[in-house]
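The values are calculated or read from the model by the stated rules, or taken from the named source; none is laboratory data. These numbers were taken from a predicted model, which means no experiment stands behind them. Please note: Cβ atoms are built from the backbone with ideal geometry, for glycine as well, and neighbour counts cover all protein chains shown. All accessible areas refer to the heavy atoms of the entire protein, side chains included, with ligands and DNA or RNA removed. Shrake-Rupley method; radii C 1.70, N 1.55, O 1.52, S 1.80 Å.
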Amino acid sequence: MNKPANPLAEALAASLKKFDEVVAEVITPAAGDVDADGSYPRAAFDALGRHGLLGLISSAEVGGLGLSHRAAALAVEKVAQGCTSTAMVLCMHYCATAVIEAFGSIEVRRAIAAGNHVSTLAFSETGSRSHFWAPVGTAAAVEGAIRLDGKKSMITSAGEADSYVWSSRPAAAEGASTLWLVPADAAGLTVVGKFEGLGLRGNASSPITADNVRVADSDRLGADGGGFDIMMGTVVPYFNLMTAAVSLGNMEAALGKAIAHVSATRFEHLGQSIADLPTVRAYLGRARIKVDMVRTLLMDTLDAVEQGRPDTMLRLLEVKAAAAETGTEVTDLAMRVCGGAAFRKSHGVERHFRDARAATVMAPTADVLYDFIGKAVCGMPVFG
Ligand SMILES: Cc1cc2nc3c(=O)[nH]c(=O)nc-3n(C[C@H](O)[C@H](O)[C@H](O)COP(=O)(O)OP(=O)(O)OC[C@H]3O[C@@H](n4cnc5c(N)ncnc54)[C@H](O)[C@@H]3O)c2cc1C
């Protein structure tokens with residue numbers, strides 16, 4: 001039998017085809033109810049697990065598909081076109097998977113690859129808020145174990161995931177943080193209330209407190225005090241690419257619905273559609289340019305990551321801010337051209353408008369990114 005010319009490209013194409021199926025059959029049909037009820041997209045995750053897609057970036061060694069940043073970004077964009085909540089939950093699962101793949105136990109890595117384990121990042125705290133790199137919660141060696149205490153402010157998949165990639169102050173070392181894998185059923189871990197968000201309503205992004213939670217020292221992910229380097233080296237590339245892709249999928253869906261609406265809706269007394277109005281067409285033209293600019297920047301950032309280009313970190317900071325801000329603009333334009341019709345939830349565009357708002361405030365927030373990018377272009381240390 002002939003060997004495939006490019007096995008990774010073939011694996012990517014095959015995985016994306018499976019995503020198309022799950023998005024069409026399971027994710028898109030459920031999106032309205034996920035939003036209306038604020039329900040966690042469990043059926044989507046069961047389907048993704050069955051198709052091996054929760055192990056998209058898990059290595060072949062543990063039974064995963066062995067793919068990387070490009071696959072994750074393209075996949076979550078497809079999912080976001082169907083349901084932005086589901087896409088963000090998947091984004092957080094892949095971010096946690098990247099850390100677990102690098103530093104976690106073989107058992108958890110195998111469980112993720114087999115589709116039996118969903119994880120997420122538990123970084124943001126009530127104390128340090130959106131400055132996710134600076135946890136104030138603690139870790140302390142006690143009685144042969146590690147005691148964790150802390151107040152996490154908004155954790156996607158809270159009470160739904162099987163584990164949390166949890167940040168704390170270091171137990172003993174210098175440094176900003178240490179990461180731990182905390183099982184979701186650990187005693188002392190409490191999910192505080194149901195998430196009732198403006199958008200991304202299926203995310204289950206509730207607060208979680210840790211009160212005398214005990215984990216083993218072997219549950220540490222990387223070195224004590226090494227959390228910041230893992231966040232910047234492992235998490236930021238995946239997170240920034242994927243949140244940009246989620247924003248992109250969400251704005252593509254909103255624009256597509258807006259174009260369908262203005263093309264199909266008529267002024268009967270004039271014998272014209274809304275699309276016959278030059279003002280409306282110009283709004284759509286502007287929106288199309290904005291979406292294509294984000295897509296182009298995302299593709300260039302993926303190239304930068306894969307080629308190890310010197311501007312990789314700058315691009316990663318830029319792409320999240322650009323996609324988040326453009327997402328709010330494009331969904332605003334989509335609402336505008338659909339007129340009063342878009343105020344009805346059944347119309348579908350307003351869900352994308354609400355969902356788009358999360359990306360600008362999810363850390364690193366757009367305003368923090370502008371400051372980081374400003375430092376970079378002025379030749380100052382970005383994270384100093
Ligand atoms: C839907 C959703 C899901 C989330 N899921 C997760 C998750 O899974 N895991 C997780 O760890 N976190 C998660 N978060 C939390 C998120 O990453 C942020 O930490 C959180 O939204 C920040 O909110 P805050 O009120 O604490 O912001 P604040 O820190 O209070 O910010 C308030 C304002 O100050 C601005 N600001 C702050 N610092 C600066 C600065 N240096 N320069 C300029 N402006 C600044 C911000 O941009 C913002 O406009 C989620 C958030 C949302 C909305």
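Determine the dipole magnitude for the chain: charges of +1 sit on the beta-carbon of Lys and Arg, -1 on that of Asp and Glu, nothing else is charged, the reference point is the Cα centre, and the result goes in debye to the nearest 20. Display every interim value, and only then the final one.
Details: 35 positive and 41 negative charges, 153 e Å.
The dipole magnitude comes to about 740 debye.
Efficiency by 1/(1 + (r/R0)^6): what FRET value for THR126 and ALA260, r their Cβ-Cβ distance, R0 = 35 Å, to the nearest 0.05?
The computed FRET efficiency comes out at 0.25.
Work through the residues other than ALA36 whose Cβ is under 10 Å from its Cβ and net out their charges, Lys, Arg +1 and Asp, Glu -1. Numbers along the way, then the final one.
Details: positive: ARG201, LYS345, ARG351; negative: ASP33, ASP35, ASP37.
Around ALA36, the charge tally is 0.
Please list, in order along segment 254-271, the HN-Hα scalar couplings obtained from phi with the Karplus expression 6.51 cos²θ - 1.76 cosθ + 1.60 (θ = phi - 60°), rounded to whole Hz, x for Gly and Pro.
Listing the rounded values in order: 5, 5, x, 5, 5, 5, 4, 5, 5, 6, 8, 8, 10, 8, 4, 5, 9, x Hz.
Would you mind telling me which residue in CYS95, CYS83, CYS338 has the biggest mean-square fluctuation in a Gaussian network model of the chain, where springs connect alpha carbons within a distance under 10 angstrom?
CYS338
How high is the relative contact order of segment 272-365, given as a whole-number percent (alpha carbon pairs under 8 Å, six or more residues apart)?
Details: 62 pairs, mean separation 24.0, N = 94.
Computed over segment 272-365, the figure is 26 percent.
For segment 76-91, what does the Karplus curve 6.51 cos²θ - 1.76 cosθ + 1.60, with θ = phi - 60°, yield as ³J(HN,Hα) per residue in whole Hz, taken in order and with x for Gly and Pro?
Karplus-based 3J(HN,Hα) across segment 76-91 equals 5, 5, 4, 5, 5, 5, x, 7, 5, 4, 4, 4, 6, 4, 5, 4 Hz.
Only loop residues by DSSP count here, and only those with at most 11 other Cβ atoms within 10 Å; note down the GluC sites (Glu not before Pro) in segment 94-143 that meet that.
Values: sites: GLU101, GLU107, GLU125, GLU143; in loops: GLU143.
Answer by residue number: GLU143.
Find the relative contact order for segment 192-316 and round it to a whole percent, using C-alpha pairs within less than 8 Å whose residues are 6+ positions apart. Don't skip to the end; give the middle numbers.
Values: 60 pairs, mean separation 23.7, N = 125.
Across segment 192-316, relative contact order equals 19 percent.
At 1.4 Å probe radius, can you tell me the per residue accessible area of the chain in Å²?
On the way: 16150 Å² over 384 residues.
Ligands and nucleic acids excluded, the figure is 42 Å² per residue.
How large is the dipole of segment 253-381 about the Cα centre if only Lys and Arg carry +1 and Asp and Glu carry -1, each at its Cβ, rounded to the nearest 20 debye? Numbers along the way, then the final one.
On the way: 17 positive and 15 negative charges, 94 e Å.
Approximately 440 debye in magnitude.
Once you order the gyration tensor axes a ≥ b ≥ c over the Cα atoms, which shape class does segment 173-219 get: rounded for a/c under 1.5, otherwise prolate or oblate by comparing a/b with b/c?
prolate
Treat each spin label as a single point 7 Å out from the Cα along the C-beta direction, and report the ARG50 to ALA216 distance in nm.
The modelled label-to-label distance comes out at 3.4 nm.
Would you compute, from DSSP H runs of 4+ residues alone, the mean residue ellipticity of the chain at 222 nm, taking -39500 (n - 2.57) per run and dividing by the full residue count, rounded to the nearest 500? All intermediate terms of the calculation are to be shown ahead of the outcome.
On the way: 13 runs with 191 residues, N = 384.
Computed ellipticity for the chain at 222 nm equals -16000 deg cm²/dmol.
Points 7 angstrom from Cα along the Cβ direction at ASN6 and ARG344: gap in nanometres?
Modelled inter-label distance: 4.6 nm.
Too long at a 21 Å Cα-Cα cut-off: which of LYS17/LYS320; LYS78/LYS320; LYS320/LYS375; LYS290/LYS320?
Working: LYS17/LYS320 26 Å; LYS78/LYS320 17 Å; LYS320/LYS375 16 Å; LYS290/LYS320 14 Å.
Over 21 Å Cα-Cα: LYS17/LYS320.
Decide, for segment 106-187, between rounded, prolate and oblate: order the square roots of the alpha carbon gyration tensor eigenvalues as a ≥ b ≥ c, take rounded if a/c falls under 1.5, and otherwise choose prolate if a/b is larger than b/c, else oblate. Kindly include the intermediate steps, with their values, before the conclusion.
Numbers: a/c = 1.98, a/b = 1.36, b/c = 1.46.
Oblate, since a/c reaches 1.5 and b/c is not below a/b.
Which residues' amide hydrogens lie under 5 Å from the amide hydrogen of ALA122, considering only partners 5 or more residues apart or on another chain, with H built in the peptide plane?
Here VAL165, TRP166, SER167 satisfy the definition.
Sequence gap at least 6, Cα distance under 8 Å: using those rules, report the relative contact order of the chain to the nearest whole percent.
Numbers: 757 pairs, mean separation 58.8, N = 384.
This gives 15 percent for the chain.
What does the C-alpha gyration tensor say about the overall shape of the chain? Classify as rounded when a/c is under 1.5, otherwise prolate if a/b is larger than b/c, or oblate.
Details: a/c = 1.66, a/b = 1.61, b/c = 1.04.
Prolate is the answer for the chain, as a/c is 1.5 or above and a/b outweighs b/c.
Taking all protein chains in place and a 1.4 Å probe, what share, in percent, of the accessible surface of the chain do carbon and sulfur account for?
Values: 9050 of 16150 Å².
Of all accessible area on the chain, carbon and sulfur atoms account for 56 percent.
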